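Chemist: Got a structure for you, questions after.
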Amino acid sequence: MDRCALAYEYHRKGYNCAQAVAAACADMTGWTPEQMFAAAGSFGGGFGGSHEEACGAVSGALMVLGIVFPYTEEGDLEAKRKVYALAKDFRRRFFDVFEHTRCGDLLKARPGLSERTQAARRLGLTAHCDIMIVTSVELLEELLREQGKL
């Protein structure tokens, strides 16, 4: 399955960045794409379209990490540390590619294609959010593969 292409297709159909990333990775979570669309619905556009907070593509990926590495038991500090460390690692990877993780900053900087955006290049994408979305999925898959979850 090409999750990057699927995420692009979801975005093309009108789903926000967070929804596109999260739903494209639904198969890894045990959730349906529809459940992911619902859970991520308010995270697009830097939290509800304000462009003031985290990029929706980052939020969608972090949501997937939280489902794949659940921290649900009271006092389970090991699970908490694990998911926090993975979230921090993902954010660093995204920052390393785009130099920002905040929606508004990304929109101002308009980072384009580079050698670090292989999926976007492979799919022939040039639109700003599309590049963020497919690169987020690509980075998430890389991280999950390293963790033995793919």
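The values are calculated or read from the model by the stated rules, or taken from the named source; none is laboratory data. Just so it is clear, the structure is predicted and the values come from calculations on it, not from any experiment. Here the Cβ positions follow ideal geometry from the backbone for every residue, glycine too, while neighbour counts run over all protein chains shown. Accessible surface areas use protein heavy atoms only, side chains included; no ligands, DNA or RNA. Shrake-Rupley method; radii C 1.70, N 1.55, O 1.52, S 1.80 Å.
Chemist: Using a 10 angstrom cutoff on alpha carbons, build the Gaussian network for the chain and name the most mobile of GLY41, GLY112, GLY60.
Modeler: Highest fluctuation of the listed residues: GLY112.
Chemist: A further question on this structure: GNM on the chain, C-alpha springs below 10 Å: top fluctuator among LEU123, LEU113, LEU86?
Modeler: LEU123
Chemist: From the C-alpha gyration tensor of the stretch 63-141, pull out the three semi-axes of the equivalent ellipsoid (sqrt of 5λ each), sorted largest to smallest, in whole Å.
Modeler: Numbers: eigenvalues 163, 34, 18 Å².
Values for the stretch 63-141, descending: 29, 13, 10 Å.
Chemist: Rounded, prolate or oblate: which fits the chain when a ≥ b ≥ c are the square roots of the eigenvalues of the alpha-carbon gyration tensor, with rounded for a/c under 1.5 and prolate only if a/b beats b/c?
Modeler: On the way: a/c = 1.44, a/b = 1.39, b/c = 1.03.
Rounded.
Chemist: Also, quick follow-up: Could you look at the chain and say what percent of its accessible area is carbon and sulfur, using a 1.4 Å probe and all protein chains?
Modeler: Details: 3760 of 7580 Å².
Accessible surface attributable to carbon and sulfur in the chain totals 50 percent.
Chemist: Okay, next question. Between PHE69 and residues 5 or more places away or on another chain, which pairs have amide H atoms under 5 Å apart, with H built 1.01 Å from N, and which residues are they?
Modeler: none
Chemist: Also: Over the residues of the stretch 37-107, compute the C-alpha Rg and express it relative to 2.2 N^0.38 Å.
Modeler: Details: Rg = 13.0 Å, N = 71, 2.2 N^0.38 = 11.1 Å.
Taking N as the residue count of the stretch 37-107, the ratio is 1.17.
Chemist: Efficiency by 1/(1 + (r/R0)^6): what FRET value for LYS82 and ALA38, r their Cβ-Cβ distance, R0 = 25 Å, to the nearest 0.05? Mind dumping the intermediate values first?
Modeler: Working: r = 26 Å, r/R0 = 1.02.
It comes out at approximately 0.45.
Chemist: Determine the relative contact order of the chain: mean sequence separation of Cα pairs under 8 Å and six or more apart, normalised by residue count, in whole percent. Mind dumping the intermediate values first?
Modeler: Details: 212 pairs, mean separation 38.1, N = 150.
Answer for the chain is 25 percent.
Chemist: Please work out the average accessible area per residue across the chain, using the 1.4 Å probe convention, and give it in Å². Present the calculation step by step, with values, prior to reporting the outcome.
Modeler: Numbers: 7580 Å² over 150 residues.
Ligands and nucleic acids excluded, the result is 51 Å² per residue.
Chemist: Show me, for the stretch 126-131, the HN-Hα J-couplings you get by feeding each phi into the Karplus relation (A = 6.51, B = -1.76, C = 1.60, θ = phi - 60°), rounded to Hz, glycine and proline as x.
Modeler: Here the 3J(HN,Hα) series is 10, 6, 3, 5, 4, 5 Hz.
Chemist: A further question follows. Between SER42, SER136, SER59, find the one with the highest GNM mean-square fluctuation for the chain; connect C-alpha pairs within less than 10 Å.
Modeler: SER42
Chemist: Shifting gears a bit: Starting from the amide H of PHE43, placed 1.01 Å from N in the peptide plane, find each other amide H under 5 Å away whose residue is 5 or more places distant or on another chain.
Modeler: Placed amide hydrogens put GLY48 under 5 Å from PHE43.
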